[in-house]
Amino acid sequence: MSSLKGRVALVTGAAQGMGAAHARRLAAAGATVAVNDIRASDALSELADEISGVAVPGDVSEPEVCTRIADAVAAATGRLDVLVANHAYMTMAPILQHDERDWWRVVDTNLGGTFHLVQAVLPHMRRAGEGRIVVITSEWGVTGWPDATAYAASKAGLISLVKTLGRELAPERIIVNAVAPGVIDTPQLQVDADAAGTDLASIQAHYAETIPLARLGTSGEISAAVELLADFSMEAVVGQVISCNGGTTRSRV
Amino acid sequence: MPEAPVAIVTGGASGIGAATVSALRGRGYRVGALDLSDRADADHAVAVDVSDGAAVTGAVAEIERRLGPIAALVTSAGHYEMALVGEISVQAWRRMLRVHLGGFFNASRACLPGMLRRRSGAIVAVASELAVGGGEHDAHYAAAKGAILGLARSLAVEVAGSGVRVNVVAPGPTDTPLLAADSPWRAEDYLATLPLRRLTAPAEVARCVEYLVCDATFSTGDVVNVNAGAVI
């Protein structure tokens, strides 16, 4: 078990699904948690109230917004020790049909947003002399996926970003790692079902068929990996990708 | 309050094994240790050579009688030595394979029937960064650890439908008795090449084992690399 007492964490994409679960888990471990999502909402401020944290809405694909968010967290709490970059935007389309502006919106949000966030939180972590950065990538960033060129490329880019920053920042005891979830039962699944013209139960069963553990994952199971990587009692996991996919990438190192 | 779950840790008397015993006890497990030494600081310790299948089966049965049904198994027993490939004796080769790969195989076979019957269990094998990246002057060790990955991933799929998870931790050079005082892994110029600039601590490996045993309920056939950045 870890203790995050006295630490401050920023979780992006936290209004629902996995991000909300990460925020609750880190708060339960003792951290003060700032929650971000692309826009202010009742869900976001209710979550902040529930965990006695702060809400810092804003679009992380904009560099100056990231700076404003990080500085607002530090101003409100005095520090910023942990970044959980969980925000994501996903659309799927066959490559010739994928609208170019939308393709770049996926990459600019997922990969660019994390890059800007790391730049924004680094001064605060350097001031503290240590830090933890946990990036949520995806199994599809490892395996690729048909019709998900933008999403898979953005997530594969995040893996390389994490490996590089793992090497670059470990000497300063700022530890960077990733979690690669497989198919997780979150509200995004309904969006996928609607886009595929099917219903939620069918798409859940379809995905579960290919998973050795024969079920989808839960947000809380991803949060457990996030908590491991945010644990300040351990720093020897550096630049790694922790898989949580029910066994589907077992054939890959 | 329900009975505390029971874990078995091989190599539990020292190094990563001893740190794992401590971490799992911290999470409420009662722990049985299998080691050449019976001096493990565990709830029950049995002296056994993990390369001896029949002896391991007997030791697991003894722990089950004393502590209860086995919920988790961690295979950490191992030894290390350096030699050029041409200088590895047949005896040294066999010993390396039988302790590392055989120890994992034997202990899994002893614990699995009960886990499968109860449709619940977690197995974690301790491999090495050398299983992923290969080694230098320790080919028999790297081969044995690589074989652990193959066995773990195969076993993971075989038992995935039965509620049993099988995962691996792959430590880098760790500050344990396995690393001699004059080991090249302890040399300043080697440590300077690591992003973290230091050896991995046994407690850090144990923290990852604890995660895989207790928290990683959607992971099977996976590898957690804990190596101070030695292999990224």
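Every number in this text was worked out from the coordinates using simple rules, so none of it is lab data. Everything numeric here is computed off the predicted structure, so don't read it as measured data. FYI the Cβ positions are ideal-geometry reconstructions off the backbone, even for glycines, and counts take in every protein chain you see.
For chain B, the relative contact order works out to 20 percent when only alpha carbon pairs closer than 8 Å and six or more residues apart are counted.
Using only alpha carbon pairs under 8 Å that are at least six residues apart, calculate the relative contact order of segment B:124-232 and give it in whole percent.
Working: 166 pairs, mean separation 37.6, N = 109.
Relative contact order here is 35 percent.
Would you mind classifying segment B:115-232 by shape? Square roots of the alpha carbon gyration tensor eigenvalues, ordered a ≥ b ≥ c; an a/c under 1.5 is rounded, otherwise it is prolate if a/b is larger than b/c and oblate if not. Judged from the Cα gyration tensor, segment B:115-232 comes out prolate (a/c at least 1.5, a/b above b/c). Cross-link partners of A:Lys155 among lysines, defined as those whose alpha carbon lies under 17 angstrom from its own and excluding same-chain residues fewer than eight positions apart: A:Lys163. Given +1 at the Cβ of Lys and Arg, -1 at the Cβ of Asp and Glu and no other charges, the dipole of segment A:8-244 around its Cα centre is 740 debye to the nearest 20.
Let me know the shape class of the protein assembly as shown, please: from the alpha-carbon gyration tensor, a ≥ b ≥ c as square roots of the eigenvalues, rounded when a/c is under 1.5, otherwise prolate if a/b is greater than b/c, or oblate. Don't skip to the answer; put the middle values down first.
On the way: a/c = 1.77, a/b = 1.56, b/c = 1.13.
Prolate.
For B:Arg165, nonlocal amide neighbours, meaning residues 5 or more places apart or on other chains whose placed amide H falls under 5 Å from its own, are B:Gly121, B:Ala122, B:Ile123.
Consider a paramagnetic label point 7 Å from the Cα of B:Arg119 along Cα→Cβ; state which residues of segment B:211-225 have an amide N under 19 Å from it. The answer is B:217-220, whose backbone nitrogens lie closer than 19 Å to the label point. In a reduced charge model with +1 at each Lys and Arg Cβ and -1 at each Asp and Glu Cβ, the protein assembly as shown shows a dipole moment near 940 debye about its Cα centre. Per-residue Karplus couplings for segment B:67-76, computed as 6.51 cos²θ - 1.76 cosθ + 1.60 with θ equal to phi - 60°, are listed in order as 10, x, x, 7, 8, 8, 10, 10, 9, 10 Hz, Gly and Pro entered as x.
Shape summary of segment A:41-87, radius of gyration then Dmax from alpha carbon positions: 11.0, 29 Å.
With 10 Å bins beginning at zero, the pair-distance distribution over Cα atoms of segment A:8-244 amounts to 8, 33, 38, 17, 3, 0 %.
Just counting partner chain Cβ atoms within 10 Å, what average do the residues of peptide B:200-209 show around their Cβ?
Values: counts 5, 4, 0, 3, 6, 3, 1, 8, 7, 0.
Mean partner shielding for this stretch: 4.
Under 27 Å of direct C-alpha separation, and excluding same-chain neighbours fewer than eight residues apart, A:Lys5 reaches no lysines at all.
Residue by residue along A:227-236, Cβ atoms of other protein chains within 10 Å of the local Cβ number 6 on average. Averaged over the residues of B:182-195, the number of partner chain Cβ atoms lying within 10 Å of the residue Cβ comes to 1.
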